[in-house]
1. List the GluC sites (Glu not before Pro) in region 19-111 that DSSP assigns to loop (not H, G, I, E or B) and whose Cβ has at most 11 other Cβ atoms within 10 Å. Which are they?
2. Assuming a ≥ b ≥ c are the square roots of the Cα gyration tensor eigenvalues, decide whether region 97-137 counts as rounded (a/c under 1.5), prolate (otherwise, with a/b larger than b/c) or oblate.
3. Could you tell me the calculated FRET efficiency between S127 and K20, based on Cβ-Cβ distance and R0 = 35 angstrom, to the nearest 0.05?
4. Determine how large the accessible area of D57 is when every protein chain is in place; take a 1.4 Å probe and give Å² rounded to the nearest 10.
5. Using θ = phi - 60° and the Karplus curve 6.51 cos²θ - 1.76 cosθ + 1.60, what whole-Hz ³J(HN,Hα) does each residue of region 104-117 get, with Gly and Pro shown as x?
6. Averaging over every viewing direction, what projected area does the convex hull of the Cα atoms of region 1-54 cover, in nm²?
7. Could you pull the accessible area for V32 with a 1.4 Å probe, rounded to 10 Å²?
8. How long are the semi-axes of the ellipsoid equivalent to region 1-139, from square roots of 5 times the Cα gyration tensor eigenvalues, in whole Å, largest first?
Amino acid sequence: MAQNQNFIDKQKALLDFLVKKELLSSESAVEVLDEMQTANKSIDEIIAEKSLINVEDFVKSKAEFYNFTYIDLGDKSIDENILNLVPANIAEHYKMIAFEREDNRLRVGLLDATNFKAIEAMDLLESKHKLIVEHFLISSYSFNNAFSQYKNFSKEIAGALASKAKEDSVRKEEDTRQDDLNKFEGVVKDAPVA
């Protein structure tokens with residue numbers, strides 16, 4: 001990831017913000033910035049690897065810094081119809097989850113507040129479905145919990161389809177038996193009596 005000066009300046013500003021909020025010491029901020037530039041890692045990766053700040057506190061602070069609303073989706077069950085407004089492959093690629101809909105307002109959680117491609121994708125969804133999309137910042141834990149619900153729905157659908165296929169197979173077998181029985185009864189009926 002080539003780091004341009006604007007990106008580095010924004011990251012420095014975020015680190016300064018974390019220091020002002022007393023979530024990170026000045027020394028740690030300098031170390032994170034150095035490692036970010038030398039190891040070509042994001043601030044998020046470094047802070048998580050070194051456990052410098054509680055993940056949820058870090059995401060709350062990033063939300064405040066980037067003027068997003070923070071939300072914890074860790075234990076939230078999401079309605080399948082809402083979740084599927086953003087297909088699983090798009091959600092996984094852009095790291096975003098549709099989690100709530102109220103009238104024409106759709107609430108979407110983003111893992112990265114600086115992922116403008118994700119926001120652009122949501123703008124397309126917004127115009128296609130005539131929705132107003134509200135963006136929220138979520139942690140990786142929230143994203144993983146919400147994203148796993150796609151898999152749960154897929155398992156439920158696969159189970160339902162397997163059950164339906166089994167029922168259809170049993171019904172077809174019963175129909176075949178009934179046809180055989182009807183043919184047999186017809187043969188017996190037409191057979192000469194001795």
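1. Numbers: sites: E22, E27, E31, E35, E45, E49, E56, E64, E80, E92, E100, E102; in loops: E22.
For GluC sites (Glu not before Pro) across region 19-111 that sit outside H, G, I, E and B with at most 11 neighbouring Cβ atoms in 10 Å, the list reads E22.
2. On the way: a/c = 2.82, a/b = 1.35, b/c = 2.09.
Since a/c reaches 1.5 but b/c is at least a/b, the shape of region 97-137 is classed as oblate.
3. Details: r = 38 Å, r/R0 = 1.09.
The formula returns an efficiency of 0.35 here.
4. So the heavy atoms of D57 present about 60 Å² to solvent.
5. Residue by residue, region 104-117 yields 9, 9, 10, 9, 10, x, 10, 7, 10, 5, 9, 7, 5, 5 Hz.
6. Values: hull surface 13.5 nm².
That works out to 3.4 nm², a quarter of the Cα hull's surface.
7. Looks like 0 Å² after rounding.
8. Details: eigenvalues 185, 50, 33 Å².
Value: 30, 16, 13 Å, ordered largest first.
The values are calculated or read from the model by the stated rules, or taken from the named source; none is laboratory data. These numbers come from a predicted model, not from an experiment. Heads up, the Cβs are rebuilt from the backbone with ideal geometry, glycines too, and the neighbour counts pull from every protein chain shown. Accessible surface is based on the protein model in full, side chains and every heavy atom, while ligands, DNA and RNA are left aside. Shrake-Rupley method; radii C 1.70, N 1.55, O 1.52, S 1.80 Å.
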